[in-house]
1. Counting heavy atoms of the protein chains only and a 1.4 Å probe, report the per residue accessible area for the stretch 260-373 as a whole number of Å².
2. Rank by packing, highest mean first: peptides 61-72, 395-406, with packing defined as the count of other Cβ atoms within 10 Å averaged across residues.
3. Count charges around MET281 for me, please; just the other residues with Cβ under 13 Å from its Cβ, Lys/Arg as +1, Asp/Glu as -1.
4. Expressed as a rounded percentage, what relative contact order does the stretch 195-299 have, with Cα pairs under 8 Å and six or more residues apart?
5. Rounded to the nearest 0.05, what FRET efficiency is calculated for VAL376 and LEU129 with R0 set to 30 Å and r the Cβ-Cβ distance?
6. If Lys and Arg each add +1 and Asp and Glu each add -1, what is the summed charge of the other residues whose beta carbon sits under 12 Å from the beta carbon of VAL253?
7. Let me make sure I get this right: for the stretch 248-351, a, b and c are the square roots of the gyration tensor eigenvalues over alpha carbons, sorted descending. Under 1.5 in a/c it's rounded, otherwise prolate if a/b > b/c, else oblate. Which is it?
8. Take the alpha-carbon centre of the stretch 55-70, take the same for the stretch 294-365, and report the distance between them in whole Å.
Amino acid sequence: VVIGEAENFHGGHDWLAEHGVEVVLLDDPHCTRMSAAVPLAGSVFAYASAGLGRAPGFIAGWMIMLDYLFIPSVASLFVGIATNSLVPQIPVWLATGVAIAVVTALNLTGVKVAAIVGTVVLAVEIVLLAVFVVAALVVLAGEGPARPWLSPLTGFGEFAPLAVLGAVSVAVLSFLGFDAIASFAEENTGSSRQVGRALLFCLALSGVLFFVQTYLASLLNPLTPQELAADPSAQDSAFYDMLRAALGSWLAVAVTSVKAIAPAFSAMIAQAAVSRLLFGMARDGQLPAALARIDRRSHVPRNATLLAAVVTLLVSVWAASAEDGLEVLSSMVTVGALTAFVLLHASVIGYFAVPGREQRVSTVVVPVIGGLISLVVLVTASRLALVVAAVWLVIGLLVHFLRRRTAAQG
């Protein structure tokens, strides 16, 4: 069955697949290819399974799980750090744990409630970001920057390409999570093409906002990267300290208050995404069937959501108590995602190489370039991150082997 427009075909892909009918979507040439061709929950897992097979699909899903499981932990930890900066009497671990409890309760109520709350928080963040940009420009125009104008782009000292690649593996953390949009493909009520368009729009918009905020903050920060590197305890609160010193306590309090709340809703989206990933893998027989159960009232994968919440709680509270907890978490998230993205690029080539599917030069050239970039950044990641990823991969291979063996015996 070849479908040109999918607006009125939502939900029919599963039925056709169960009856042995292959569905090929011939969508707009500028859409995100795999989200339109494989509109299923599970995101990278679903794409790699469709393009490379069940075993590579499981590995892709298992590695992206390292990303999805720990992104809520990182976001919740940001809540704890901001709350502690605002009210030092509240321990970081306590604020972190409360944030996880709140977002879990919201996720269990269903997608619509979570979406409304997330939209309100996003609007507040955008308004506050605009206030920060205006205030920063006023200070820079009147007093000048604390650092050279080009220093946020060129750094201090000689340009070092390897250092830039190493920094990219850390900066990737800021852009992770956009693929989570694709994990809600089966809950999208419109065209499957909307998922890809939403993903690209959010990525472009956030990229611009990240750049503006980081560039202005760097110009206003009196501490050099070397000074921050020598004092790890000052790194977590560097942005808030810059606000107090350069823009005044009023803005610092406002920003810190929002940052004590908003990351919790980033954790909410990430937690919802990982629950869909667990659901998709369980429905496909790759994880315990209990994780594929849907709550009749809220229509969310309750067991998968609760499992994600427990893991997030344990990991984030540990990280809040450890001196280098944030650094370790960031490393695990980044490497897990990059490994899955290498397989994702390969899955695009594998999926569209099948005779009868739409084949273009872009379905080969773009994935090759993207895969190589992901691989280079992955190799330059920290040793700790690579070790953690390797251990996680070995565990995943064992899980896959044991489940296949159990299925064969059954």
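1. 43 Å²
2. By packing density, highest mean first, the sequence is 61-72, 395-406.
3. Summing Lys and Arg as +1 and Asp and Glu as -1 gives +3.
4. 12 percent
5. It comes to 0.40.
6. Around VAL253, the charge tally is +2.
7. Prolate.
8. 5 Å
The values are calculated or read from the model by the stated rules, or taken from the named source; none is laboratory data. Treat the numbers as computed from the prediction; the structure is a model and nothing was measured. FYI the Cβ positions are ideal-geometry reconstructions off the backbone, even for glycines, and counts take in every protein chain you see. Ligands, DNA and RNA are excluded from the accessible area calculation, which covers all protein heavy atoms including side chains. Shrake-Rupley method; radii C 1.70, N 1.55, O 1.52, S 1.80 Å.
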